[in-house]
Amino acid sequence: MEKCFYIGQAYGENDRQTSGYIYDVIGNMVELHINAKYSDWKLSNGRVCVPHPLPLSTDFFDALDDTCFRLAEFLKSKDSFVDSDAAENWCKMRKARDGDKSLVPDIVSNDTSFNNGSIKEFYEIKSDSPSSRAAGRQKVANFNEMLAGLQIQYAEGDKYSPNGKTLVYSGTWACNPIKWYLRWSRVEGCIIGYKFCAEVSSATIQEAALVLALRMALLMLALSRSPAAAAATAGILAQIRSPLLQSVGENGVNSTNDVQYVQLLINDWRGRNGLNPIPVDGSPSDVLNSAIEEFSTAVMNSNIRRIDPNSPDIKMLEQVHFEAGLNDVSDEFQITALGAQLVDILDLIMRADEGISLDPEATIAAALQYYLDRMHDEQVRMF
């Protein structure tokens, strides 16, 4: 079974502060990956791909340098009569009017290599959601307006029509084997839309569970590509408040959300250790009590049958969940072809010209907290 989601369904498009800017981080990672695939496509068709600002550049990629100055510089390098000051000012005015990144396309190509006919076109990369497509159309209109004012022509791209699919995450979530793929295609005009698609063995897994699993996969993807944050995992976990409110298990309070939360975490550990899943239904049972005992015996060197709030046991369950998830990130998702100099992907949203300053540890911790809170609060059922 395959089920696809756009990124805003995992991390709300209007709730980026709460989600720790993971939406923006993953969006930039995806752009870099698609840029690399676009470069591969050009090379396979006998062309070259030289990113601006290298000498004799053929392509501008805004994921590498999203500034009005650099875009204007590229346009003038290809058409010497272009007034680069006017182009830069026009771009800045549209940013002020329509918000950040409202004019600079993701890919601008001006290539006449190897006598294969010229490519003079542009593309915009967006999450394949209705709101993101609308934002993409607005950016295309803004760029076309600027081109008309500068009296130069770039077509809305149609030569690159991918049906891309890359494995980004392969593991288990709450005892369910799951693979997440990035899929991208040209969805309308020059807009390249992307989404994340799950391949799962069970046709009965709830959509709510898949959304939680996607949040986990995206978190681990961002964390794995941020050496500074990944190296500080212990510090990040120390900043997280466990959402478990009351005791779960034998002689516990056993509120529905608390029970579900422990069931999901226990199942995740069981799935990674070759054990059968227990029901996830929010109801206390001796099956759950025995599963807690199995975990505590194997991991904590104890034989408790209850998990208490703020205890070492719940902290260890959460830690095991996150650390195992890091190992599930796929090596197929590469961003190095055009972005090798971007060692820490979080740098992409720490632009001085955008006035953003983020602490990588705090950013990831906020996103992990958001994920755990949703795992606790949202109803998920697995039998």
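The values are calculated or read from the model by the stated rules, or taken from the named source; none is laboratory data. These figures come from a predicted structure and were not determined experimentally. Backbone-built Cβ (ideal geometry, glycine too); neighbour counts: all protein chains shown.
Within segment 317-329, does at least one residue satisfy the condition of being outside any helix (DSSP H, G or I), in contact with a Phe, Trp or Tyr (Cβ under 9 Å, 6 or more places away or on another chain) and modelled with pLDDT of 70 or more?
Checked segment 317-329: at least one residue is outside any helix (DSSP H, G or I), in contact with a Phe, Trp or Tyr (Cβ under 9 Å, 6 or more places away or on another chain) and modelled with pLDDT of 70 or more.
Name the residue, out of Ile314, Ile304, that is of a type outside the set (Asp, Glu), in contact (Cβ under 8 Å) with a residue 40 or more places away in the chain, surrounded by 14 or more Cβ atoms within 10 Å (Cβ to Cβ) and over 16 Å from His376 (Cα atoms).
Ile304 is the lone residue from the list that is of a type outside the set (Asp, Glu), in contact (Cβ under 8 Å) with a residue 40 or more places away in the chain, surrounded by 14 or more Cβ atoms within 10 Å (Cβ to Cβ) and over 16 Å from His376 (Cα atoms).
Tell me which helices (runs of 4 or more DSSP H) are completely within segment 193-303 and hold 2 or more residues being at pLDDT 95 or above, or say none if there are none.
Here the list reads 256-272, 286-299.
List pairs: first residue in segment 129-158 and free of Cβ contacts under 8 Å to residues at least 12 places away in the same chain, second residue assigned to a loop (DSSP other than H, G, I, E, B) anywhere in the structure, Cβ distance under 7 angstrom, at least six positions apart or on different chains.
Leu147/Gln153; Leu147/Tyr154
Taking into account only those residues within segment 38-66 that are crowded, with 17+ Cβ neighbours inside 10 Å and of a type in the set (Ser, Thr, Tyr), which is nearest to the chain's Cα centre (by Cα)?
Here the residue is Tyr38.
Given the criteria polar (S, T, N, Q) and at pLDDT below 85, does Gln379 qualify?
yes
With respect to Val329, determine if the residue is buried (at least 16 other Cβ atoms within 10 Å of the Cβ), over 21 Å from Trp180 (Cα atoms), among the β-branched types (Val, Ile, Thr) and touching a strand residue (DSSP E or B) at 6+ places or on another chain (Cβ under 7 Å).
Taking the combined requirement at face value, the residue does not satisfy it.
Kindly establish whether Trp180 is without any contact (Cβ under 8 Å) to a residue 60 or more places away in the chain, of a type in the set (Phe, Trp, Tyr) and within 30 Å of Ile278 (Cα to Cα).
So Trp180 fits the description; yes.
Give the residues of segment 263-293 that are over 31 Å from the mean Cα position of the chain (by Cα) and either crowded, with 17+ Cβ neighbours inside 10 Å or touching a residue at least 40 places away in the same chain (Cβ under 8 Å) (or both), sorted by residue number.
Pro284, Leu288, Asn289, Ala291, Ile292, Glu293 - these are the residues of segment 263-293 that are over 31 Å from the mean Cα position of the chain (by Cα) and either crowded, with 17+ Cβ neighbours inside 10 Å or touching a residue at least 40 places away in the same chain (Cβ under 8 Å) (or both).
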